[in-house]
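The values are calculated or read from the model by the stated rules, or taken from the named source; none is laboratory data. All values reported here derive from a predicted model rather than from experimental measurement. A quick note on method: Cβ atoms are made from the backbone with ideal geometry, for glycine too, and the neighbour counts reach across all protein chains shown. In case anyone asks, the SASA skips ligands and DNA or RNA and just uses the protein heavy atoms, side chains included. Shrake-Rupley method; radii C 1.70, N 1.55, O 1.52, S 1.80 Å.
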Amino acid sequence: MLGQRVALPSLAAKGVWDAIVIGGGITGAGILLEAARRGHKVLLLEQKDFSWGTSSRSSKMVHGGLRYIAQGDVRLTRHALQERERLLSELPDLVVRMPYIFPIRRGRFPGRWPMTFILKLYDALAGIRDHRWMSLAELKQAYPALNPRGLRGAMRYTDALTDDSRLVMRVLQEASLEGATARNYTEVQSIKSHGQVHELVARDAESGERIVLQARQVFNATGLWADRLSGSPPVVRPQRGTHLFVAASRLPVRDCLTILHPDDRRPVFVFPWKGQTCIGTTDIDHREDIEDEPHCTPAEVDYLLKVANSEMPDLHLRRDDVLATMAGVRPIIASGKGRDPSKERRDHLVWQANGVISVSGGKLTTFRQIALDALKAAGLIDARAHREAHQGRHLRCFRHALPSPQGLNDPLQGPAGGAALQAQVAWILTHEMVMHLDDLLLRRLRLGLLCDDAGESLLNTLKPMCQMQLGWDDARWQGECARYRELIARSYR
Ligand SMILES: Cc1cc2nc3c(=O)[nH]c(=O)nc-3n(C[C@H](O)[C@H](O)[C@H](O)COP(=O)(O)OP(=O)(O)OC[C@H]3O[C@@H](n4cnc5c(N)ncnc54)[C@H](O)[C@@H]3O)c2cc1C
């Protein structure tokens, strides 16, 4: 299991690693797991916290992506649906099936029959049959606040929901149980290739200590940052997507509502997540420095409130209903055709330059398949093993049971309190390599997104636990609180 960080010199003392994976998002975690389970000596290095990048800022959907099928991308949809079904069966506490409701309005595309056709294909690709027409009466009973203008009923189908950051932790734990090592707050600054062996300069972001590590294979799984280490011309087009979190009491939904924005007809999701309601996402070119924590603009907040208010006008959602905002930047593989951000393909790309295998783009859902493609490019699996693993529905991805505390992973359960919260925190501090208070509150527990005070009122409960288990003195605790408050104000409000 992951625990406390291994000291940098002991990583160097292990000699030449079979592979070093750079980047602790879902892509890097997936590569680490698939390499470790094949018996390779592997190490993952993450410059900040695990899942700090795009992988904690997604729409949290484990899905085929209905709009990709509508765009004719059947291959991506089929692969994603195959993985969705696998994750639903292997991680039932973390990936849950979710009803999606798509209201149909008179004179608006897509209508009932095109949607029925698409959903038949969608379900067939997943090997299930789980869609149906919802009558107007049924829809109105479930969602009385829906704008009645032209409403005819809805298509109901199912997809899945998760907690993206906890999924990354789960994959890292599995990799660790397969013998892999992972270390956060460790930046790879450079890679030099010497024939069969690569030398990486790694820097501890906490102490500033630098060390040279050696590996036979290097995977650059840094997503948005992949161009910096790939040694090849840039391919990544950064696109920002923002979500809003609103109290469930102000915007109560049991299912994932898919609604079309009145300005540009883009689909926006309104869904229950960890006891609150999430609205997202926007899709715009991100022109800011990718070193900075992303944040949303007031225009993005207005855009998302507008679609919610146009679909449910009586709720009168306002800016002060927003508990938190969450901006994420998607590493899109640029088509170079100057397409509208929403029209760019969501495929991943694996490419090789100077012996470094780079991987970027893709989806949270397809992490296992992306990992297999990367291992094949590195020659760690051959074409046959790749094909079999790609198709192999019978092969389990998660083989180890993890006794994590109840409710911690559940994407639909709200924050715990009292003894249940203490049990979750004790587990996290022991097993999940927390280095800063924001690791705990934003990515392990998600309280920074879900509480109107970002978890401030829980700090007194957390203080003795962090001090005892992490050895933080009063000055360190004060510094951590200040760092957290500053971060919340800058990027999450
Ligand atoms: C708004 C939005 C919504 C989305 N919704 C969904 C969805 O619902 N379902 C879905 O399947 N997918 C979704 N996606 C896509 C999905 O989130 C991404 O494809 C996925 O998270 C990318 O993971 P990654 O590991 O490649 O990148 P990241 O998670 O960004 O990980 C890369 C990591 O590399 C680290 N790094 C960078 N440079 C270095 C270095 N020099 N040394 C060490 N570490 C380094 C970074 O700190 C970062 O943590 C969404 C994306 C966005 C933006």
Worksheet item: Hey, among Ala378, Ala416, Ala423, Ala401, which residue is over 29 Å from Val235 (Cα atoms) and open to solvent by less than 30 Å² (accessible area, probe 1.4 Å)?
Response: Ala416
Worksheet item: Quick one: is Asp373 open to solvent by 30 Å² or more (accessible area, probe 1.4 Å), within 16 Å of the ligand (Cβ to nearest atom) and either under 27 Å from Pro233 (Cα atoms) or not assigned by TED's automatic domain parsing to the domain that holds Ala221 (or both)?
Response: yes
Item to complete: Given the conditions (1) more than 17 Å from the chain's Cα centre (by Cα); (2) of a type in the set (Lys, Arg); (3) within 18 Å of Pro331 (Cβ to Cβ), report the number of the one that Lys60 does not fulfil.
Response: (1)
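Report yes if Gly39 is away from the ligand (no atom under 11 Å from the Cβ) and either over 26 Å from Arg266 (Cα atoms) or surrounded by 24 or more Cβ atoms within 10 Å (Cβ to Cβ) (or both), otherwise no. Full working, then the answer.
Details: away from the ligand (no atom under 11 Å from the Cβ): yes; either over 26 Å from Arg266 (Cα atoms) or surrounded by 24 or more Cβ atoms within 10 Å (Cβ to Cβ) (or both): yes.
The answer is yes for Gly39.
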Worksheet item: For Val16, which of the numbered conditions (1) within 30 Å of Glu206 (Cα to Cα); (2) β-branched (Val, Ile, Thr); (3) more than 16 Å from the ligand (Cβ to nearest atom); (4) surrounded by 20 or more Cβ atoms within 10 Å (Cβ to Cβ) fails to hold?
Response: (4)
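Here are Ala221, Ala182, Ala142, Ala202: which of them is within 30 Å of Pro313 (Cα to Cα) and either at pLDDT below 95 or among the aliphatic types (A, V, I, L, M) (or both)?
Values: Ala221 fails: within 30 Å of Pro313 (Cα to Cα); Ala182 fails: within 30 Å of Pro313 (Cα to Cα); Ala202 fails: within 30 Å of Pro313 (Cα to Cα).
Among Ala221, Ala182, Ala142, Ala202, only Ala142 is within 30 Å of Pro313 (Cα to Cα) and either at pLDDT below 95 or among the aliphatic types (A, V, I, L, M) (or both).
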Worksheet item: When both residues are 6+ apart or on different chains and their Cβ atoms are under 6 Å apart, which pairs have a first residue that lies in the stretch 42-64 and is farther than 19 Å from Ile20 by Cα and modelled with pLDDT under 95, and a second that is more than 6 Å from the ligand (Cβ to nearest atom) and among the polar types (S, T, N, Q)?
Response: Gly64/Thr77
